[in-house]
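In what follows, a single structure is set out as structure tokens and then discussed.
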Amino acid sequence: NPFDKKTRLAVESARENIQLLVVLLDTNPYIWGKRRSDQNQPSSYKQNLKTLINFSQFLNHVLLFTNAYLSSNSKNKIAFIAAHPKESKFLFPHTSTDRVQSENATTTTTGEQDLLRIVRSDKATEEFFLKEINFNTLRNTVIKQLEETFTETDDELVVKGSSLAGAFSRALCFINRLEREKPIGTTLNSRVLAFQVSPDISMQYISIMNAIFSAQKMNVTLDSCILSTEDSSFLQQASYITGGVYLKPLKQEGLIQYLLSVFIVDKSLRGLVQLPVQATIDFRAACFETKKQIDLGYVCSVCLSIFDQHKWSCSTCGVKFEVLQQVRTGAIQPKPKPGSQPTNNTQSK
Amino acid sequence: MSEPAQKNNVMDIDAEDDNEIPDHVHGASGDTGYVWEGQFTGAWSMLDDNQEGQIINDLQLKEQVRKRQRLTSMTTVTDSIVRKGIIRFMYLILDLSAGVLQPVAHDLKQSRVSVMHEATSDFVKEFFDQNPLSQMGLIVTRRGLAEKILELTGGQKSMLTELKEIFDPSPRADDEPTPDPFGGDPSIQNSLLIAHSALQSIPQYGSREIVIAYSSLSTCDPGDVMTTIQLMKDSSVRCSVVALDAEMYVCKKLSHDTNGTYGVALHQESFKELLLAHALPPPTTTKQKNAFNITLIIPLDETSTNKNGIPSKKIRQFIFNIHSEIKAGGYICPRCKCKYCDLPTECTVCNLTLVSSPHLARSYHHLFPVAPFVEIDAPKGVDARTAGQRFDGTMSVGTDVNRIIELCGNMSKDNTLCCFGCLKHIPRENSLRLLCTRCEKVFCVECDGFIHQSLHNCPGCE
């Protein structure tokens, strides 16, 4: 029955809902630039890379998707954050170099000035909620800010990879502020859509997990669209824990189709649509030393580092471990004392 | 039959009974009023005026400062990193004696039962959220006896159902009258002894804890409670007490000797706050040794069903030992191939601890906390020399204090700063501006609260 209670409730509750989508764009110039130069190479290598799109094609897809998203409901709101290697940057709504522009500054369109004023004072966030977002303003702002972002890049820091954790944390702070300042009586459904081309950085694991748990508490779902060649285990876990969608498109030149069929669906309607599911999520951790995935391992009780072999002292925090019962029963060899030969007997101590 | 007229001849027409607890008390100014009105008396004396004679409106600033003080009292950065007990085994002891039937405060009719129920349920949820690798058990004491309701378990659901059963029991099917769950005298010694014997089998890497929610003024013990306190101290069990009634010497000695904390609640919110403070990991004692913990990380089984209930790939039916239910999908112990439906648990066959990596990741923020932010503007009435002293004790080792002081000096004159997290403009007047010492970015008070309590990540340092 298409008009059952669940559908009716979902449709009715959508009337007072405001949807907020925060888009995280991975703008690592090294990887995007490498793709562009690989595409320009006239060789058979090019055929293999045909499915990888370059940045301008990617931006076209994303802006088209944004226009469709904003047109589907007048109450939809959107924000853009660029995850750059050095730090994350708000593309829309935008403040120039984190400082308030003086009142005499000239801007290209009046729409931009309005938006700048809107974001800054908390009395006027009501306007952010009540006014519709103009797509032209958004497109111009995003493109202009992206140009500035790419020209500011410092060459040394590029190979570090992009700061997805920082961008995600900023998105959560922004959502937290809007939750606090939203007009009375409305409910705000927020989600985050992350595009990733850089590989996972293991240093960011703790930060990303902290952000994921905080998002879970705030009921923010994280969707991820992977445009790199390998899967990203961090984003797989993130999407699973927060209840979002993880997608790695097979043909990247048709990205807009994936976006319009999967990522445009609101949270309340996700139960009604068959979305891509993850077959297996790899929750296994890797040993901190050998970096292998392990099933059975040892954990230091002080710093929670994971090892795949029995050790006598923790390499992360330096504590020495006490003698285990296993040594007494002979299951593990005792530590050889310096100057004496290692014993081979299995007798208990 | 009514009470003699109070000072200003106001008769309390609602008072029907002489023994009824009076609603009105004498306020600070001598007039009758409700207790909550006390915080607003004399508000005019707190107003200040600036040099031009205009009244300074800094209510917003004061509120922000108050909010922040609550936050910073919980987190302090010291020179050495304090080792915390991450893997905790805690027994929650509830005092269900006659004291719990008393009302909470003299102008609230709500009894301590509902307050205790709400606070303990929230505490259980918060405890398992902050410490996923830990286990909790439940002991109650009433009528001079102590009873262990629930053994140490990692399951939040069983704790919550047991609590609901105690405080809000569902009516029985048959017509037998349910026994009165509250009443009598509490017994500290009996409950401590039960908890002690249950905590003896805990391995050495775990932190053994007891939290007592006490609501009486006495204890009814079979022997000398001081010997039991000594026993707890020798077994390195950390006992803490949160009291709803007045302070007691026995509780104070117990918590002091075992390195726990003792808090007496002033009202409902403070009881909740005191109890929730125990959800954070405590510092470990020197007696605890480090040991390995053999744990296990299990992959999600392939035949798990997706959210819509449609099984993917093969359909395999499992029978679980504990519940004897048939369910598709779950976890398998890699050593003995036993099936479990939920993590974290301990394998009943081979005694291996089973966890998955998000559980470990939940505890990482206790080990690597975010350094507290410093205020850019010096408080009023402080001169430049002592202004730098406010940074003492708030910065981790290795930060360049002089550079931070210089930066704060430059920024405090700037009126155009925006919060890095939420893009809000923070004007110089009337609001707190906070600086992260590592990435030198400015944040507003709300983002600061959010970052330190929930997010545990500084967006600028990533």
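Read-outs throughout are calculated quantities, based only on the coordinates presented, and are distinct from any laboratory measurement. No experiment lies behind these values; they were computed from the predicted model shown. Note that each Cβ is placed from the backbone with ideal geometry, even for glycine, and that neighbours are counted across all protein chains shown.
Please compute, for the alpha-carbon atoms of region B:86-288, the extent along each of the three principal axes and give them in descending order in Å.
Sorted from largest, the Cα extents of region B:86-288 read 51, 34, 31 Å.
Rounded to the nearest 0.05, what FRET efficiency is calculated for A:ALA68 and A:VAL273 with R0 set to 25 Å and r the Cβ-Cβ distance? Please list the in-between numbers first.
Numbers: r = 16 Å, r/R0 = 0.63.
Step by step, r from the Cβ atoms, then E = 0.95.
For region B:86-288, what relative contact order do you get, as a whole percent, if you take Cα pairs closer than 8 Å and at least 6 residues apart?
Reported as a whole number, the value is 26 percent.
Which residues does the label zone of B:ALA98 cover in region B:181-205, counting backbone N under 12 Å from a point 7 Å along Cα→Cβ?
B:183-186
B:LYS252 versus A:LEU250, label points 7 Å from Cα toward the beta carbon: distance in nm?
Going from the B:LYS252 label point to the A:LEU250 one covers 7.4 nm.
Mind giving me the nanometre distance, one decimal, between the label points for A:GLU147 and B:LYS62, set 7 Å out from Cα along Cα→Cβ?
Each label point lies 7 Å from its Cα, and together they span 5.1 nm.
How much length would be gained if the chain were fully extended between A:ILE264 and A:CYS317, taking 0.36 nm per residue of separation minus their Cα-Cα distance, in nm to one decimal?
Computed gain between A:ILE264 and A:CYS317 is 14.5 nm.
Order these by the 10 Å Cβ neighbour count, fewest first: A:GLU230, B:GLU165, A:GLU181. Each step should come with its number before you reach the end.
Details: A:GLU230 9, B:GLU165 12, A:GLU181 18.
Arranged by neighbour count, lowest to highest, A:GLU230, B:GLU165, A:GLU181 become A:GLU230, B:GLU165, A:GLU181.
Can you tell me how much longer the chain between B:LEU266 and B:ASP224 gets when fully stretched, taken as 0.36 nm per residue apart minus their C-alpha distance, in nm with one decimal? Intermediate results must be reported in sequence, preceding the final value.
Values: separation 42, 0.36 × 42 = 15.12 nm, distance 2.98 nm.
Additional length available on full extension: 12.1 nm.
For the pair B:ASP122/B:SER197, report the inter-label distance in nm, with labels modelled 7 Å from Cα in the Cβ direction.
That separation, rounded to one decimal, is 3.6 nm.
Rounded to the nearest 0.05, what FRET efficiency do A:LYS131 and B:LEU231 have when you use their Cβ-Cβ distance and R0 = 56 Å?
FRET efficiency, A:LYS131 to B:LEU231: 0.25.
Quick one: order B:LEU138, A:LEU269, A:LEU250 by neighbouring beta-carbon count within 10 Å, fewest to most.
Ascending Cβ contact count within 10 Å gives the list A:LEU250, A:LEU269, B:LEU138.
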